[in-house]
Structure formats: C-alpha cells, structure tokens
Amino acid sequence: MAPVTVAITVAIDEKRYSGRAGAGPVTALRGLHARIGPSEFCVVTGPSGCGKTTLLNIIAGLDRDFSGTLSFAPSDGDRPRIGYVFQSPRLLPWRTVRENVALVQPHRAELAVLERLLADVGMADMAGAYPVQLSGGMARRAALARAFAIAPDLLLMDEPFLSLDAAAADHLRSLLLRLVSTRPATVLFVTHDFGEAVTLADRILVLSPAPGRVMAEMPIALARTERGDPDTLSALRAELARLADHPIAAANTAKTAFPQRNG
Amino acid sequence: MRLRVALAERVASLLVLLVAWEAASRWAHSRLFPGPEAVLATLADEAAHGGLVHDLGATLARVAVAFTLAMVIGTVLGIAMARSRAIDTLLDSGVVLLLNLPALVIAVLLYIWLGLTEAAAIGAVTLSKLPTVVVTLREGARTLDRDLADMARSFDLGIWRTLRHVTLPQLAPFFLVASRTGLALIWKIVLVVELLGRPDGIGYAIQVFFQLFDVRRLIAYALAFVAVVLAVEWGVLQPLERRLARWRR
C-alpha cells in the first residue's frame, strides 16, 4: 500500500491576538502564503516572535481564529492525521511512557506497533517509567514516539530539540530522519537553528519579523547523505544566513548554487 | 522496620489512653462513667444481639448516598463555574450562603418542608457538604493545564479520553481534599440529622441512650462509629492517596 501523505496550502491573510489589558492587539501573521508538498520535509525558520508556533497551531486546528484559508490535499474524508511534537514534551505526568504513547493510538489494540515504536526510539527499557523519571532527551523521544503512534500524514514539530545538549540533539535528529524514512509523512519543522534547518530540510521557508510572512525560501536538492561533511553543511548554513539577512539579493544566488530538485 | 516502629508507637499511645480512661473511671466510681472493660463488653454484646449493626448500617448508607451525591453534583458545578464566568456569577451567592448556613438550620428547614423523611435527611447532609466540594473543585478546574488540553485536542482524543486521562487526573488531588474534608464534615452532621428526625441510625441511638442515661451503650456506639471512620480513612482514603501520587517523584 502506498503511503498517503498530505499536501498543505496555507493562505493566511491575518492572524491577530487581542491584546491583554494595557497592550493593543498584536498581529502575528500577515499575508503568509505557502504550499508544502506531499512527503516534503519543510523547515520554517525566522526571528523569535515571528509567528512560527502560531502557524503550526493554525495548521493543527488548535487556532481557528484567523482570516484566510487552510486546505489539505487529498482532501477526501476528514482532517489528515496530525502528529504534533511541541516545544516541551507535554507528556501526561500521571501516565507511564507506554500509556502516554498508547493513549493517542486510534486503535487501542495495536500493541505490536506500539512496542516496535518504543523500541525504535530507544525507549523500550523505559516504557514503564513515569515522565518525571526521564531525562530531557528521553522525554523528547517519548514525545516523538507519541507523534508517530497515530501513523501521521503530517508531522508538526515546534523546536522539538530545543534545550538539549548538542550531542543529544544530533542523536534525535538522526532518529527523526530514520523514523521519517520508514514511516513517510509530510513534515513541517520549526526551528531558529540554521544548522538544524540545513541538516534536515528539503526546503526552508524563512519568515519575516512579526507580522510573519514567507520572505524567502531555500530548496536543498542535495540528498541528506550528501550533506554529511562539515564543509557542505557550513556552506548551506552560510547561504541560509545570507538569505535571512538579505532575502531578495540572496534568493537569486541560492537558486544557482543549489538547483531546485525535480518533482 | 519503620512500619513495626510505627505500630509499636500506635499501640503504646492506645495503651496510655486505655490506662487513663480506666484510672479516671475508677476515680469517678460512677455508673455514668464506665471503664473500658465494661464498654467493650457492651460493644461486643450489642454487635452480637443488639441493634448496633442495624443502626450503623443505616448511618453508613446515609453517609454513602449523601457523600456520592455531594461529590458528583459539587464536581459538576465546580467545573462549570470554573469554565463559565456567567455560571460562576449566577451561582456564587448561593454557594457562599450554603457555605455559611449552619447544618442544623438546613436540617430543620428540610424536615419542616419535606417532613421527617429519608429524603430530607439525606438532602440536608448533601447540602451541608456540597458547597465545600464546589469551592474546592472550582479552584482545581481553574488550574487546569492549557498545554495538555491543546495536546489532547491536536491528537483528537475526544471528550471521554480527554476527561479520563487528561482532565480528571489533574483534578484528583482536589477531589481527594474535597473527599477528606467532606467526610469529616458528613460524619458529624449525619448524627445531628438522625437525632432530629430519623427512627434509626447511630444518631437516633445516641439520643435514646441520652434519655436513658445509658452511658455504657452511648460510648460503645460512639466507639463503633469511630472504628468505621478510621477504617475508611486507612482502608480507602490513604491507599487511594498513595495510588494517585505514585507518578510523583
């Protein structure tokens, strides 16, 4: 059976937050248009406060208070299955790791799937532990397993490896890529770490300072195995940094340096 | 080891109590101040042949029904008041009034309005306890974690799974506090209510023994009642508390 992943088209005219007492309303996003293709690994980056999390919440359906449209293709049937990995793991502290992951499974009887997933994220030994007993890295593995437990069409990830040490974050990034390669899904990954962005992405969207819109994009045609060496990565990273600073001038050079990949 | 020490301490303090009681009763040397031996003999006798089992059962049944009603209604109202400002505003005065109305007044009024009926008795006990449950659960529901609620929504958990796995566990400590304070309250109120207008139950029996100046039976019944209260505390509430806290470090 061919895996069905989902394409997203977002056209957000405006997203405002009604201001708290004292402050006026804040416009988080304005004129944000983007299309994310099926099975694409799309990284969204931009300065802090530019509405990256807001964008994910809108796509997740948690925030419906915006003007604009959001559509998924194929659009037959219901909303796509969305696995959301939040900035903090958001595990239920009163449930064990296994219970946390099992809870979101649509068919509760998928025990074999559950155990394999826990093993794949390296949490088989800790499956009976409560979240308070986990290290930061382990809690994030559990959150990752939970997101994959619903066999998601779409994965939303909001700086999921923030506040981990570099080695642990590296480890989890390769784990994520392994998981995505065996369980295909469209991925929308928010980070402000350019190194992380160029390591993971098929394409990077750079948002402007608030109110956020897509001010530049950078496709990366190189397969991930071809970006392994430090030189290539730092070149890509410099490219992205230039793009973020001077979106228009750099956009042209980006295309020549890294030709858009076909299909 | 620690358990054995705790048990020894408990036995020692019970012995002190018994000795003091025995000494006081010998010193008083009166039919109106029986010693532990006489009371325990009466207790055994009443349990075997007298009305103790029936009266205790009647009281416990009232406690159980009133407790359940107050917890269920109070929880629903508390959560509703935490979630909706309108409901909170509408009901707040009523809650404050009930909170400060003496249980005796509630009992007398209900007996007048509904007659000396079981419904009036249980209603009075329920109404006396209800406001503390409402206030406690309202406090709890106001502290619910929005991040976890968002998690539940994004994973499409639906109402029941969200309630069972996300919402209720957060309310459990508040539920436990409400149960504790509520039971302590109910144990006392139920006796007053029985004394005023029921033909059975520990409260009724106490009134009869009062009229007969039968202090031996009076203390025996009271002890049986205390034993049940402690059994509920040690057998139900404390294990429940440990179970609910097991995920904490």
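Run down B:ARG180, B:ARG217, B:ARG198 and say which single residue is within 13 Å of the chain's Cα centre (by Cα), on the phi < 0 side of the Ramachandran plot and touching a residue at least 40 places away in the same chain (Cβ under 8 Å). So that I can check it myself, show each step before the final result.
Working: B:ARG217 fails: within 13 Å of the chain's Cα centre (by Cα); B:ARG198 fails: within 13 Å of the chain's Cα centre (by Cα).
Within the list B:ARG180, B:ARG217, B:ARG198, the selection yields B:ARG180.
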Answer from A:PRO152, A:PRO211 - the residue that is more than 27 Å from A:ARG116 (Cα to Cα) and not hydrophobic (A, V, I, L, M, F, W, C): A:PRO211
query: Which one of these is surrounded by fewer than 21 Cβ atoms within 10 Å (Cβ to Cβ), without any contact (Cβ under 8 Å) to a residue 40 or more places away in the chain and under 24 Å from A:LEU188 (Cβ atoms): A:GLY128, A:GLY137?
result: A:GLY137
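For segment A:150-192, which positions are in a loop (DSSP other than H, G, I, E, B), among the acidic types (Asp, Glu) and within 22 Å of A:ARG35 (Cα to Cα)? Before you say what the answer is, go through the steps one by one.
Here is the first cut: in segment A:150-192, the residues in a loop (DSSP other than H, G, I, E, B) are A:150-153, A:159-165, A:183-185, A:191-192.
Adding the requirement that they be among the acidic types (Asp, Glu) leaves A:153, A:159, A:165.
Those that are in a loop (DSSP other than H, G, I, E, B), among the acidic types (Asp, Glu) and within 22 Å of A:ARG35 (Cα to Cα): A:ASP153, A:GLU159.
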- prompt: Can you find a residue in segment B:34-43 that is over 20 Å from B:TRP187 (Cβ atoms) and loosely packed, with under 13 Cβ neighbours inside 10 Å?
  reply: yes
statement: Considering segment A:99-125, residues that are closer than 22 Å to B:GLY158 by Cβ and of a type in the set (Val, Ile, Thr), and then whichever is surrounded by the most Cβ atoms within 10 Å (Cβ to Cβ), we arrive at A:VAL101
task: Please specify each residue of segment B:150-173 satisfying the condition of being surrounded by fewer than 16 Cβ atoms within 10 Å (Cβ to Cβ), under 19 Å from A:LEU62 (Cα atoms) and aliphatic (A, V, I, L, M).
output: B:ILE159, B:LEU163
- prompt: For segment A:49-67, how many residues meet the condition of being under 16 Å from A:LEU205 (Cβ atoms) and either in a loop (DSSP other than H, G, I, E, B) or not polar (S, T, N, Q) (or both)?
  reply: 7
- prompt: Out of the residues in segment A:118-127 that are in a helix (DSSP H, G or I) and more than 26 Å from B:LEU244 (Cβ to Cβ), which is farthest from the chain's Cα centre (by Cα)?
  reply: A:ALA119
query: Of (1) exposed (fewer than 15 other Cβ atoms within 10 Å of the Cβ); (2) within 14 Å of chain B (Cβ to nearest Cβ); (3) small (Gly, Ala, Ser), A:ALA223 satisfies all except one. Which?
result: (2)
message: Looking at segment A:236-247, I want the residues that are of a type in the set (Gly, Ala, Ser) and have a partner that is at pLDDT 90 or above with Cβ atoms under 6 Å, at least 6 apart or on another chain. Which pairs are those?
response: A:ALA241/A:PHE194; A:ALA244/A:VAL206
message: Yes or no: segment B:4-16 includes at least one residue that is in a helix (DSSP H, G or I) and either touching a Ser or Thr at 6+ places or on another chain (Cβ under 6 Å) or surrounded by 12 or more Cβ atoms within 10 Å (Cβ to Cβ) (or both).
response: no
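Residue by residue, here is whether (1) touching an Asp or Glu at 6+ places or on another chain (Cβ under 8 Å); (2) under 24 Å from A:GLY83 (Cα atoms); (3) within 14 Å of chain A (Cβ to nearest Cβ) holds:
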position: B:THR162; (1), (2), (3): no, yes, yes
position: B:VAL166; (1), (2), (3): no, yes, yes
position: B:ALA172; (1), (2), (3): no, no, yes
position: B:LEU176; (1), (2), (3): yes, no, yes
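Here is a yes/no grid of residues against (1) among the hydrophobic types (A, V, I, L, M, F, W, C); (2) under 16 Å from the mean Cα position of the chain (by Cα); (3) within 14 Å of chain B (Cβ to nearest Cβ):
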residue	(1), (2), (3)
A:ARG116	no, no, no
A:ALA129	yes, no, yes
A:ALA143	yes, yes, yes
A:PRO184	no, yes, no
A:PHE189	yes, yes, no
message: Take B:VAL19 and tell me if it is of a type in the set (Val, Ile, Thr), part of a helix (DSSP H, G or I) and surrounded by 12 or more Cβ atoms within 10 Å (Cβ to Cβ).
response: no
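Going through segment A:193-227 one residue at a time, which ones are β-branched (Val, Ile, Thr) and not in a strand (DSSP E or B)?
Taking segment A:193-227 first, the residues β-branched (Val, Ile, Thr) are A:198-199, A:204, A:206, A:214, A:220, A:225.
Scanning segment A:193-227 gives A:VAL198, A:THR199, A:ILE220, A:THR225.
Please determine whether any residue of segment A:76-88 is more than 13 Å from every other protein chain (Cβ to nearest Cβ), closer than 16 Å to A:ILE150 by Cα and assigned to a loop (DSSP other than H, G, I, E, B).
The initial filter retains those residues of segment A:76-88 that are more than 13 Å from every other protein chain (Cβ to nearest Cβ), namely A:76-77.
Now narrow it down to the ones that are closer than 16 Å to A:ILE150 by Cα: none.
The answer is no, given that none of the residues of segment A:76-88 is more than 13 Å from every other protein chain (Cβ to nearest Cβ), closer than 16 Å to A:ILE150 by Cα and assigned to a loop (DSSP other than H, G, I, E, B).
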message: I want to confirm something. Restricting to segment A:94-109 and keeping residues that are without any contact (Cβ under 8 Å) to a residue 12 or more places away in the chain and outside any helix (DSSP H, G or I), which single residue is farthest from the other protein chains (Cβ to nearest Cβ)?
response: A:ALA109
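The values are calculated or read from the model by the stated rules, or taken from the named source; none is laboratory data. Keep in mind the model is a prediction, meaning the values are calculated, not measured. No Cβ is skipped: glycine too gets one built from the backbone with ideal geometry, and neighbour counts run over all protein chains shown.
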